[in-house]
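Undergrad: Before I ask anything, here is the structure I am working with.
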Amino acid sequence: MNKKIGFTCAYTPVPLIEAAGFSPFRIFPESKAPDQAGHLLHDNLCPHVKKVLNRALADDLPGLEGMVFINSCDSMRRLADAWHEARPDDRTILLDLPSGINNLSLDFLSKEYERLAKTLFKWNNESFSPEIIPEIKPEIELDKIKDKIATWNLLAASVKKIEEKMSLDYFPGIASALQQIINTAATDSTDKALAMAQKKIEPKEPAKAGKSPVFIFGNLLFDPKVYDLFEEWNVHVTASDFCTTSRFITPVDTRTDNNIFRSLADSYLKQTPCARTMDTAKPGSIAQRIVQRAKESNAKGVIGFILKFCDPYLARIPMIRQALQKESIPFIMLEGDCTMGSMGQQQTRIEAFTEMLGV
C-alpha cells in the first residue's frame, strides 16, 4: 500500500484506512516549513494545528489521496476549514466526535465511523455497504476491516507487553524504540509496526539502575529523540499517556457488539480519552486515571507536557495536581510548542525534578 490517507487525530481508526486499501499517514507537527499559518488562523492557537497547517501551506507532505479530520476541539475544526484554503484540491472528510461518553454518543460515533468507511472505500473506487446480503454478495469489505482490526489488536498487545517491561525496569533505549514502533503504525503500516514490536518484547540490553522512574502525560510527544534526551536527563519513562504514544494504539474489542462500527466507537471513546472528552458520570476521571497509571507503572513522579493554548488540558491541570498531591506523588507541568527546542529549554527543571525524586 503506497496510497496515503492523511490524518491528525488519535480517534482516527487506522484499521479502516488500511482495509480500504490505503496507508495511514499521521501528519506530525514536525517541519522546517516557514510559519505561515497566521495568514489563515489566529496566532494564539494550538501549535500542533498551526504546524500541521504550515506543512500543508509549504507542500511539505507526501502525495495524499485524502485527509481525515476529527472535530475533536475547536482548533482542529478550524484546521479542517483552513485546509480547504491551503489545499483546495484535496479530498477531505470531517468526523464529529462526541464530547461525552454514553449510549447516544456511542451510537453517533459508530455512524460517523461507518460514514468514514464508506468514504474511504469510495476514494479507492470500491463500493461499500454494511447491509450486505451474504447470499448475494459476500461480506468482503467487512472481512477486510475485521482482518485489519485483528492485526491492530496484535500490535496493541505487543505494545502493552513492552510497556509492562518499561514499568518494571529501566532498559536503555526502549522508550525511544517504542515510539518508533508507534510512529510506524501511524505513518506507514500496522504490519511493519507489529514486526518491529514483536522483536522488542524481549529487550536485548540488560536492565540498569540509576534513573528516576517517571510517568509522563499530555497532548502529544512523538519524536523518539525526546526519549533519548529524557534518559540523558536522568528520567526513566515508566509509562506515558499521549495521543501519540500507546493511547493511539487503542485495542478494539469486537466482542462488545455485532456491529463492527459500534465496536470501534465503544473502544475508541472509552479507552483513555483525551482531555477534551468528558465522562459526565465521573467528572474527575482524568485525574484519577493519571494517579492510577502512575502507581501501576511504579513511577515516583509525574511530568505533564502540555501544549500552549490548549484549554481542555490547562483547565484540568488543577484537579490533576490536587489528585497527585493527595497521593503524595510529586508533579511538575511543562508547556511547549511541539519543537525539540522548547523541550531543550526544560532540561534544568526536569533534572532538578529527578534529583528531588532520587532513585
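The values are calculated or read from the model by the stated rules, or taken from the named source; none is laboratory data. What you are looking at is a predicted structure, and each value in this text was computed from that prediction instead of being measured. Methodologically, a virtual Cβ is constructed for each residue, glycine included, from the backbone with ideal geometry; neighbour enumeration extends over all protein chains shown.
Undergrad: Can you tell me which of (1) closer than 22 Å to VAL52 by Cβ; (2) surrounded by 15 or more Cβ atoms within 10 Å (Cβ to Cβ) is the one LEU106 doesn't meet?
TA: (1)
Undergrad: Return yes when LEU53 is touching a residue at least 12 places away in the same chain (Cβ under 8 Å), farther than 20 Å from THR245 by Cα, outside any loop (DSSP other than H, G, I, E, B) and hydrophobic (A, V, I, L, M, F, W, C) and no when it is not.
TA: yes
Undergrad: If only one of ALA209, ALA193, ALA117 is of a type in the set (A, V, I, L, M, F, W, C), surrounded by 18 or more Cβ atoms within 10 Å (Cβ to Cβ) and in the same structural domain as ARG321 (by TED's automatic domain parsing), which one is it?
TA: ALA193
Undergrad: Test PRO98 against the stated conditions and say whether it is in contact (Cβ under 8 Å) with a residue 60 or more places away in the chain, surrounded by fewer than 19 Cβ atoms within 10 Å (Cβ to Cβ) and not in a helix (DSSP H, G or I). Spell out how you get there, then give the answer.
TA: Working: in contact (Cβ under 8 Å) with a residue 60 or more places away in the chain: yes; surrounded by fewer than 19 Cβ atoms within 10 Å (Cβ to Cβ): yes; not in a helix (DSSP H, G or I): yes.
Against the criterion (in contact (Cβ under 8 Å) with a residue 60 or more places away in the chain, surrounded by fewer than 19 Cβ atoms within 10 Å (Cβ to Cβ) and not in a helix (DSSP H, G or I)), PRO98 qualifies.
Undergrad: I would also like to ask the following. Would you mind finding the one in ASP74, ASP143 that is under 19 Å from ASN258 (Cβ atoms), among the acidic types (Asp, Glu) and out of contact with any Lys or Arg (no Cβ under 9 Å at 6 or more places or on another chain)?
TA: Answer to the selection: ASP143.
Undergrad: Go through ASN71, ASN102 for me and flag whichever is in the same structural domain as THR12 (by TED's automatic domain parsing) and within 18 Å of the chain's Cα centre (by Cα).
TA: Matching residue, one of ASN71, ASN102: ASN71.
Undergrad: I'm checking my understanding of the structure. Among residues of segment 149-182 that are touching a Pro at 6+ places or on another chain (Cβ under 7 Å) and of a type outside the set (A, V, I, L, M, F, W, C), which one is surrounded by the most Cβ atoms within 10 Å (Cβ to Cβ)?
TA: The residue in question is GLN179.
Undergrad: Right, another one. Name the helices (runs of 4 or more DSSP H) wholly inside segment 221-330 in which the number of residues that are in contact (Cβ under 8 Å) with a residue 60 or more places away in the chain and within 16 Å of GLU163 (Cα to Cα) is 2 or more.
TA: 285-296
Undergrad: What about ILE145, is it over 18 Å from THR250 (Cβ atoms) and either hydrophobic (A, V, I, L, M, F, W, C) or surrounded by 18 or more Cβ atoms within 10 Å (Cβ to Cβ) (or both)?
TA: no
Undergrad: Could you list, ordered by first residue, the pairs with Cβ atoms under 6 Å in which the first is in segment 203-219 and under 15 Å from ILE174 (Cβ atoms) and the second is among the charged types (D, E, K, R), at least 6 apart or interchain?
TA: If the second residue must be among the charged types (D, E, K, R), the pairs left are ALA207/ASP169; PRO213/LYS300.
Undergrad: Go through (1) within 18 Å of the chain's Cα centre (by Cα); (2) surrounded by fewer than 18 Cβ atoms within 10 Å (Cβ to Cβ); (3) of a type outside the set (Asp, Glu) and name the single condition ILE286 misses.
TA: Going through (1) within 18 Å of the chain's Cα centre (by Cα); (2) surrounded by fewer than 18 Cβ atoms within 10 Å (Cβ to Cβ); (3) of a type outside the set (Asp, Glu) one by one, ILE286 breaks only (2).
Undergrad: Considering only residues of segment 45-74 that are among the charged types (D, E, K, R) and touching a Leu at 6+ places or on another chain (Cβ under 8 Å), which is farthest from ASP90 (Cα to Cα)?
TA: First pass over segment 45-74, keeping only residues among the charged types (D, E, K, R): 50-51, 55, 59-60, 65, 74.
After this cut, where a residue has to be touching a Leu at 6+ places or on another chain (Cβ under 8 Å) as well, the list is 50, 55.
Numbers: LYS50: 18, ARG55: 14 Å.
Within segment 45-74, the match that is farthest from ASP90 (Cα to Cα) is LYS50.
Undergrad: Among the residues in segment 164-185, are any among the small types (Gly, Ala, Ser), more than 18 Å from ASN153 (Cβ to Cβ), in contact with a helix residue (DSSP H, G or I) (Cβ under 7 Å, 6 or more places away or on another chain) and not in a helix (DSSP H, G or I)?
TA: For segment 164-185, residues among the small types (Gly, Ala, Ser), more than 18 Å from ASN153 (Cβ to Cβ), in contact with a helix residue (DSSP H, G or I) (Cβ under 7 Å, 6 or more places away or on another chain) and not in a helix (DSSP H, G or I): absent.
Undergrad: If you don't mind, there's one more thing I want to ask. Pick out the one residue from LEU142, LEU97 that is modelled with pLDDT under 95 and out of contact with any Ser or Thr (no Cβ under 8 Å at 6 or more places or on another chain). First the steps, then the outcome.
TA: Numbers: LEU97 fails: out of contact with any Ser or Thr (no Cβ under 8 Å at 6 or more places or on another chain).
Matching residue, one of LEU142, LEU97: LEU142.
Undergrad: Same structure again: How many residues does segment 318-359 hold that are buried (at least 18 other Cβ atoms within 10 Å of the Cβ), under 22 Å from the mean Cα position of the chain (by Cα) and farther than 18 Å from ASP223 by Cβ?
TA: Here the count works out to 1.
Undergrad: Do we find that ALA86 is in the same structural domain as PRO15 (by TED's automatic domain parsing) and at pLDDT 95 or above in this structure?
TA: The answer is no for ALA86.
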